[in-house]
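Heads up, the thing below is written out as structure tokens.
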Amino acid sequence: MRKQSGSFKRLIRKYEFLLEDWKDVEDIATSANQEFMREIAANKPDGISEGDYTVEDSEDDERVEETESDRVLKKLFRKIVLQCHPDRLIGDFSELERIRRISLYEQAVSAHDDKNWALMVITAIKLDVELPEEAEDMLDKIEEEAQELEQKISSTTSGITWQYYHADEDQKLSILNNYLEIIKMSKKKKVQIEKDSNKERKLILGVGHPRTGTGYTAKLLQSWGLDVGHESMGEHGTVDWSLAPGEESLWQGVNFKDFEWEHIIYCVRDPRDSIASIAYTENIETSLGFRKKFNKNIENKNLIVSAILSIIEWDQMITNLNPSFIYKVEDSSEKLFKYLKESGVDIKENRAVEKNYNSRDHKSFKELLESTSSVPSVFKNRINRYCDKYGYDKLF
């Protein structure tokens with residue numbers, strides 16, 4: 001038999017040790033998995049099925065072209081088979097030797113199927129089968145297979161089922177409860193992904209507070225060739241302030257959650273202009289009643305305070321939607337046009353739209369302030385921070 005180098009022998013001994021260690025770890029891991037799965041099945045929450053915490057093995061049918069190394073491995077496999085195939089174990093073999101050789105045959109088959117050089121070489125050595133010259137040339141490959149075994153052992157012994165199996169009773173309860181929480185969170189995420197995949201895609205959702213330019217925004221988008229309705233759904237989307245809470249629209253039979261919005265556009269307006277308009281023209285039950293659902297304090301006897309509370313509440317909800325673009329209706333329509341154009345939206349030339357679209361007659365903010373009781377400083381500060389946020393002069 002060809003003499004092997006010291007490094008080759010050491011590597012084979014290392015692999016053989018790891019292989020025996022892996023067999024022990026695998027046996028324990030099987031018992032650990034069975035025990036853990038039984039406890040999960042017995043304690044799983046309602047609505048959780050076995051498929052939510054088990055993963056089916058996938059078959060890898062990918063065919064890889066045979067290499068020269070594979071062909072050498074196959075030749076070595078054939079030599080081994082001559083020594084240990086069950087059909088050839090006749091004659092002067094003790095029962096113990098028959099069992100040993102059948103075990104080595106099964107090991108060789110596994111090595112052949114997995115293209116495992118280290119395991120095949122070990123099997124050959126145990127059967128005194130002469131190794132091909134190429135065996136030592138496969139040192140890197142055998143070292144790689146040894147590292148893979150080390151990784152499998154490390155991964156298995158650090159896994160949750162192994163930890164559970166070797167924990168005391170209190171620790172087991174904690175591990176089990178934590179894992180059940182993970183299952184529930186994973187289930188919720190899976191359900192959400194399934195819901196999202198069924199959503200209808202729309203190009204644009206325009207939002208803002210009532211009387212801050214949502215009607216103007218819809219008209220602007222329409223002038224650029226987009227079918228975007230004002231408080232109605234067009235082919236490309238809608239501008240609807242009542243969708244800001246992320247729920248059912250006040251004006252149309254649609255729900256925010258039923259759509260995947262590609263662009264969420266938030267229009268803001270100077271509170272000097274919007275507060276008086278909100279106070280005088282949006283104080284009706286339809287609009288006010290809808291907004292009160294999200295903050296009952298909006299219905300305040302002080303009309304300025306009521307408007308401030310409503311603006312701040314809507315601003316927070318819209319911020320939570322992570323709008324794609326925020327623009328000031330007074331002077332930022334060109335920036336909005338540029339944003340959409342650069343985002344690849346097919347829009348026409350930038351045409352001017354009358355800013356007083358959908359305007360209503362009412363007293364000015366100055367007149368409202370003169371006719372209203374004093375505004376507490378806490379509300380003055382809140383609206384001033386809003387003004388700073390969007391680049392308007394402070395109101396107070």
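The values are calculated or read from the model by the stated rules, or taken from the named source; none is laboratory data. Keep in mind that what you see is a predicted model, and the values were worked out from it rather than measured. In this analysis, Cβ positions are derived from the backbone assuming ideal geometry, glycine residues included, and neighbour counts consider all displayed protein chains.
Comparison of Ile311, Ile284 shows that the only residue that is at pLDDT 90 or above and aliphatic (A, V, I, L, M) is Ile311.
Annotation: of all residues in the stretch 360-380 being part of a helix (DSSP H, G or I) and in contact (Cβ under 8 Å) with a residue 12 or more places away in the chain, the one that is surrounded by the fewest Cβ atoms within 10 Å (Cβ to Cβ) is Glu367. Any residue in the stretch 310-327 that is within 22 Å of His263 (Cα to Cα), buried (at least 18 other Cβ atoms within 10 Å of the Cβ), among the acidic types (Asp, Glu) and touching a helix residue (DSSP H, G or I) at 6+ places or on another chain (Cβ under 9 Å)? Taking every residue of the stretch 310-327 in turn, at least one turns out to be within 22 Å of His263 (Cα to Cα), buried (at least 18 other Cβ atoms within 10 Å of the Cβ), among the acidic types (Asp, Glu) and touching a helix residue (DSSP H, G or I) at 6+ places or on another chain (Cβ under 9 Å).
For first residues located in the stretch 218-233 and more than 15 Å from Val353 (Cα to Cα), partners that are of a type in the set (Ser, Thr, Tyr) and at pLDDT 95 or above and lie 6+ apart or on another chain with Cβ distances below 6 Å form the pairs Gly229/Thr238.
Test Phe396 against the criterion of being modelled with pLDDT under 95, over 17 Å from Thr212 (Cβ atoms) and not assigned by TED's automatic domain parsing to the domain that holds Glu247, and give yes or no.
Spelling it out, Phe396 is indeed modelled with pLDDT under 95, over 17 Å from Thr212 (Cβ atoms) and not assigned by TED's automatic domain parsing to the domain that holds Glu247.
Of all the residues in the stretch 321-344, those that are outside any strand (DSSP E or B) and touching a residue at least 12 places away in the same chain (Cβ under 8 Å) number 13.
For the stretch 82-100, the condition holds for at least one residue, the condition being that it is outside any helix (DSSP H, G or I), polar (S, T, N, Q) and either surrounded by fewer than 13 Cβ atoms within 10 Å (Cβ to Cβ) or in contact (Cβ under 8 Å) with a residue 40 or more places away in the chain (or both).
Of all residues in the stretch 118-146, none that is over 18 Å from Asp70 (Cβ atoms) and not assigned by TED's automatic domain parsing to the domain that holds Leu18 has its Cβ atom under 9 Å from the Cβ atom of a residue that is part of a loop (DSSP other than H, G, I, E, B) and not acidic (Asp, Glu), 6 or more apart or on another chain. Candidates in the stretch 153-171 are the residues that are part of a helix (DSSP H, G or I) and free of Cβ contacts under 8 Å to residues at least 24 places away in the same chain; of these, the one that is farthest from Trp22 (Cα to Cα) is Asp170. Going by what's in this entry, would Glu148 be described as surrounded by fewer than 18 Cβ atoms within 10 Å (Cβ to Cβ) and part of a helix (DSSP H, G or I)? Yes.
Only residues that are surrounded by 11 or more Cβ atoms within 10 Å (Cβ to Cβ), of a type in the set (Asp, Glu) and at pLDDT 90 or above were counted in the stretch 12-71, giving 3.
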